[in-house]
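The values are calculated or read from the model by the stated rules, or taken from the named source; none is laboratory data. Every value quoted in this text rests on a predicted model; they were computed, and no experiment measured them. Cβ atoms come from the backbone with ideal geometry, glycine included; neighbour counts cover every protein chain shown. Accessible surface is based on the protein model in full, side chains and every heavy atom, while ligands, DNA and RNA are left aside. Shrake-Rupley method; radii C 1.70, N 1.55, O 1.52, S 1.80 Å.
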Amino acid sequence: MYRFLLSRQWVILTLLMLALIPTMIELGFWQLHRHEHKVALNTVISNSLAAEPVSAESLTGPGRHVRHDDLYRRVTAKGTFDTAHEVVVRRRTNSDGEVGFHVLTPFVLDDGRVLVVNRGWIPANDVQTAFPKVPAPAKGELTVTGRLMADETTADSGIKNVQGLPDRQVMLINSGQEAERLGKQVLGGYIEQTSPAPKGGSPELIPDPEHSDIGPHMAYAIQWWLFSAGVPVGWVVLVRRERRDRAEAAEKATTPEATPAAV
């Protein structure tokens with residue numbers, strides 16, 4: 001009755017469905033992990049933004065990695081901007097989705113060490129091969145406040161660290177690369193400046209990250225698991241339909257045709 005399941009067509013179909021079930025289950029767990037990561041990151045961001053600012057040197061130092069729990073923590077530093085060694089980061093967008101640059105300025109602390117400061121966004125104005133005109137920061141010694149960020153890497157950001165870029169342009173914000181470029185001790189990570197606000201509103205300060213939306217990952221996880229449950233159900237439906245069709249065909253084949261009545 002079910003010998004058709006041993007046919008080449010049905011063996012391939014059954015193996016395909018057996019392979020789909022664990023794949024869909026795994027995809028569901030992948031989305032669940034993304035959901036959990038998003039929830040955990042939102043918690044870190046919320047706690048960090050709510051905390052009182054602390055000294056940048058208390059959370060990072062030369063060659064150190066920024067701890068996950070310290071991401072977006074508000075920190076302060078006292079020193080002077082070194083605009084002579086300023087660079088810009090290519091292909092960065094503002095809150096309106098416009099493509100431009102982030103301005104990366106070394107901030108020299110009182111002890112000579114350097115803190116990398118992302119002063120904000122400026123438009124590219126369709127010219128990306130030359131160093132743009134960057135509004136100058138406040139001169140002299142001052143205190144800056146910003147959100148502490150981890151170094152950007154190719155693996156984490158997905159951004160390729162392209163070589164041969166125009167002068168004073170980079171693709172990634174990385175304290176190790178800045179230490180090599182400047183020949184100085186550079187604190188690990190960098191900060192996104194939040195104060196003092198620039199005169200004239202440029203560079204455009206980077207806004208606080210969105211941390212209320214957890215995204216659709218949980219819904220996607222449930223969706224994949226429902227798909228995995230539907231695969232065996234669909235297989236049973238197909239088997240029963242095939243069995244019925246074969247039974248009907250066999251019945252027709254064994255039923256004699258009616259003889260026409262004599263005139």
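Observations
- With respect to (1) more than 22 Å from LEU41 (Cβ to Cβ); (2) more than 22 Å from the chain's Cα centre (by Cα), the lone exception for LYS160 is condition (2).
- Those residues of the stretch 24-38 which are within 20 Å of SER212 (Cβ to Cβ) and surrounded by fewer than 16 Cβ atoms within 10 Å (Cβ to Cβ), in sequence order: GLU36, HIS37
- Pick from the stretch 134-169, criterion among the aliphatic types (A, V, I, L, M) and assigned to a loop (DSSP other than H, G, I, E, B), ranking: most open to solvent (accessible area, probe 1.4 Å): ALA136
- Residues (part of a loop (DSSP other than H, G, I, E, B) and either polar (S, T, N, Q) or open to solvent by less than 60 Å² (accessible area, probe 1.4 Å) (or both)) located in the stretch 1-23: SER7
- Matching residues in the stretch 44-60 - criterion: being of a type in the set (Asp, Glu) and either under 16 Å from TYR190 (Cα atoms) or within 23 Å of the chain's Cα centre (by Cα) (or both): GLU57
- Test for ARG92: is it in contact with a strand residue (DSSP E or B) (Cβ under 6 Å, 6 or more places away or on another chain), basic (Lys, Arg) and free of Cβ contacts under 8 Å to residues at least 60 places away in the same chain: yes
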